[in-house]
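This report refers to the structure that appears directly beneath it.
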Amino acid sequence: QVEAVASPAFDLANAKAEIDAANKIFTDALAKGDSVTVASMYTEDAKFMGPNAPAIVGRANIQSMMSGFIKGGATKLELTATEVWGDEKFIGEEGVMTLSSTDGKPLDKGKYIVLWKKEAGQWKLHRDMYNSDLPLPAGK
(Lines give C-alpha, C1' and ligand atoms only; values in the text may rest on other atoms or scores of the structure.)
Protein backbone atom coordinates (compact mmCIF):
# COMPACT_ATOMS: atom_id res chain seq x y z
CA GLN A 1 0.00 0.00 0.00
CA VAL A 2 1.33 3.42 -0.99
CA GLU A 3 0.75 6.20 1.47
CA ALA A 4 -0.31 9.52 0.00
CA VAL A 5 1.82 12.45 1.01
CA ALA A 6 -0.03 15.71 1.18
CA SER A 7 1.75 18.65 -0.37
CA PRO A 8 2.21 21.50 2.06
CA ALA A 9 -0.49 24.13 1.93
CA PHE A 10 0.41 27.28 0.03
CA ASP A 11 1.50 29.99 2.47
CA LEU A 12 0.35 33.37 1.14
CA ALA A 13 1.97 35.26 4.03
CA ASN A 14 5.33 33.68 3.19
CA ALA A 15 4.80 34.45 -0.51
CA LYS A 16 4.09 38.11 0.37
CA ALA A 17 7.36 38.22 2.32
CA GLU A 18 9.16 36.80 -0.74
CA ILE A 19 7.50 39.44 -2.97
CA ASP A 20 8.49 42.20 -0.52
CA ALA A 21 12.09 40.92 -0.59
CA ALA A 22 12.07 40.83 -4.41
CA ASN A 23 10.73 44.40 -4.49
CA LYS A 24 13.63 45.47 -2.23
CA ILE A 25 16.17 43.89 -4.60
CA PHE A 26 14.42 45.68 -7.50
CA THR A 27 14.38 49.13 -5.84
CA ASP A 28 17.96 48.77 -4.52
CA ALA A 29 19.22 47.83 -8.01
CA LEU A 30 17.37 50.79 -9.55
CA ALA A 31 18.91 53.13 -6.96
CA LYS A 32 22.37 51.78 -7.87
CA GLY A 33 21.71 52.31 -11.59
CA ASP A 34 21.83 48.56 -12.26
CA SER A 35 19.42 47.93 -15.14
CA VAL A 36 20.76 44.39 -15.62
CA THR A 37 19.66 43.29 -12.13
CA VAL A 38 16.34 45.14 -12.50
CA ALA A 39 15.66 43.36 -15.80
CA SER A 40 16.66 39.99 -14.30
CA MET A 41 13.70 40.36 -11.93
CA TYR A 42 11.34 39.92 -14.93
CA THR A 43 10.36 36.72 -16.74
CA GLU A 44 11.86 36.32 -20.21
CA ASP A 45 8.44 37.05 -21.78
CA ALA A 46 7.41 39.77 -19.33
CA LYS A 47 5.40 42.87 -20.24
CA PHE A 48 5.94 46.30 -18.69
CA MET A 49 2.78 48.36 -19.19
CA GLY A 50 3.35 51.96 -18.21
CA PRO A 51 1.03 54.86 -18.94
CA ASN A 52 0.73 56.65 -22.29
CA ALA A 53 2.86 54.15 -24.23
CA PRO A 54 2.66 50.68 -25.77
CA ALA A 55 3.70 47.72 -23.63
CA ILE A 56 7.41 46.92 -23.47
CA VAL A 57 7.72 43.20 -24.19
CA GLY A 58 10.60 40.93 -23.14
CA ARG A 59 13.42 41.16 -20.63
CA ALA A 60 15.94 42.72 -23.06
CA ASN A 61 13.54 45.51 -24.04
CA ILE A 62 12.61 46.10 -20.39
CA GLN A 63 16.32 46.41 -19.55
CA SER A 64 16.74 49.02 -22.28
CA MET A 65 13.71 50.98 -20.99
CA MET A 66 14.96 50.78 -17.39
CA SER A 67 18.38 51.98 -18.53
CA GLY A 68 16.61 55.03 -19.99
CA PHE A 69 14.84 55.67 -16.67
CA ILE A 70 18.17 55.46 -14.87
CA LYS A 71 19.95 57.76 -17.35
CA GLY A 72 17.06 60.21 -16.92
CA GLY A 73 17.68 60.24 -13.16
CA ALA A 74 14.52 58.35 -12.12
CA THR A 75 16.16 56.00 -9.64
CA LYS A 76 14.39 56.35 -6.29
CA LEU A 77 11.36 54.06 -6.31
CA GLU A 78 9.30 53.25 -3.24
CA LEU A 79 6.81 50.38 -3.48
CA THR A 80 4.22 49.48 -0.87
CA ALA A 81 2.18 46.34 -1.43
CA THR A 82 -1.37 46.89 -0.18
CA GLU A 83 -2.77 43.48 -1.14
CA VAL A 84 -1.52 40.16 -2.49
CA TRP A 85 -3.45 37.11 -3.62
CA GLY A 86 -2.72 33.97 -5.57
CA ASP A 87 -1.21 30.51 -5.35
CA GLU A 88 2.07 28.67 -5.80
CA LYS A 89 2.22 29.56 -9.54
CA PHE A 90 1.06 33.18 -9.71
CA ILE A 91 0.77 36.03 -7.21
CA GLY A 92 -1.12 39.23 -7.87
CA GLU A 93 0.22 42.29 -6.07
CA GLU A 94 -1.58 45.61 -5.75
CA GLY A 95 0.24 48.58 -4.30
CA VAL A 96 1.18 52.23 -4.31
CA MET A 97 4.41 53.76 -5.54
CA THR A 98 6.38 56.98 -5.52
CA LEU A 99 9.19 57.78 -7.93
CA SER A 100 11.82 60.41 -7.28
CA SER A 101 14.99 61.55 -8.97
CA THR A 102 18.40 60.60 -7.66
CA ASP A 103 18.54 63.94 -5.84
CA GLY A 104 15.12 63.37 -4.22
CA LYS A 105 12.91 65.51 -6.49
CA PRO A 106 9.40 63.94 -6.66
CA LEU A 107 8.64 62.71 -10.19
CA ASP A 108 5.50 60.61 -9.89
CA LYS A 109 3.17 58.82 -7.52
CA GLY A 110 0.53 56.30 -8.34
CA LYS A 111 -0.64 52.73 -8.07
CA TYR A 112 0.43 49.45 -9.63
CA ILE A 113 -0.54 45.86 -10.21
CA VAL A 114 2.09 43.17 -10.77
CA LEU A 115 1.46 39.57 -11.73
CA TRP A 116 4.35 37.56 -10.32
CA LYS A 117 5.21 34.14 -11.77
CA LYS A 118 7.32 31.49 -10.07
CA GLU A 119 10.31 30.56 -12.27
CA ALA A 120 13.13 28.28 -11.15
CA GLY A 121 12.07 28.76 -7.53
CA GLN A 122 12.06 32.57 -7.71
CA TRP A 123 9.18 35.02 -8.02
CA LYS A 124 9.62 37.10 -11.21
CA LEU A 125 7.59 40.01 -12.53
CA HIS A 126 5.49 38.64 -15.41
CA ARG A 127 3.12 41.56 -15.98
CA ASP A 128 3.92 44.99 -14.52
CA MET A 129 1.38 47.80 -14.90
CA TYR A 130 1.16 51.18 -13.23
CA ASN A 131 -0.45 54.54 -13.67
CA SER A 132 -0.02 57.95 -12.15
CA ASP A 133 -2.22 59.69 -9.62
CA LEU A 134 -0.94 63.06 -10.89
CA PRO A 135 -3.01 65.05 -13.38
CA LEU A 136 -1.71 65.39 -16.93
CA PRO A 137 0.05 68.70 -17.52
CA ALA A 138 -2.21 71.35 -19.04
CA GLY A 139 -2.35 71.28 -22.83
CA LYS A 140 -1.43 67.60 -23.21
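Remarks
- Relative contact order, percent, segment 52-140 [alpha-carbon distance under 8 Å, six or more residues apart]: 19 percent
- The simple Förster model, with R0 at 25 Å and r as the Cβ-Cβ distance, assigns Val36 and Ala9 a FRET efficiency of 0.10.
- Helix 12-31 axis versus longest C-alpha principal axis of the chain: approximately 30°, rounded to the nearest ten.
- Here the mean projected area of the convex hull built on the C-alpha positions of segment 73-135 is 4.9 nm².
- Cα long-axis angle, helix 59-71 against the chain (0 to 90 degrees, to the nearest 10): 40 degrees
- For segment 31-51 versus segment 100-119, the spacing of their alpha-carbon centroids is 11 Å.
- Solvent exposure of Glu88, expressed as accessible area, is near 110 Å², computed with a probe of 1.4 Å over the protein chains only.
- Estimated translational D of the chain in µm²/s (Stokes, Kirkwood radius over Cα pairs; 4 °C; 1.567 mPa s): 81 µm²/s
- DSSP bridge orientation in the chain - percent antiparallel, rounded to nearest 5: 90 percent
- Solution diffusion estimate, µm²/s, Stokes-Einstein, segment 34-89, Kirkwood Rh from C-alpha pairs, 25 °C, viscosity 0.890 mPa s: 193 µm²/s
- Paramagnetic reach from Thr102 (point 7 Å along Cα→Cβ, amide N under 13 Å) across segment 73-96: 73-76
The values are calculated or read from the model by the stated rules, or taken from the named source; none is laboratory data. Being a predicted model, the structure only gives us computed values, none of them experimental. Heads up, the Cβs are rebuilt from the backbone with ideal geometry, glycines too, and the neighbour counts pull from every protein chain shown. Quick note on the areas: whole protein, heavy atoms, side chains included, nothing else; ligands and nucleic acids left out. Shrake-Rupley method; radii C 1.70, N 1.55, O 1.52, S 1.80 Å.
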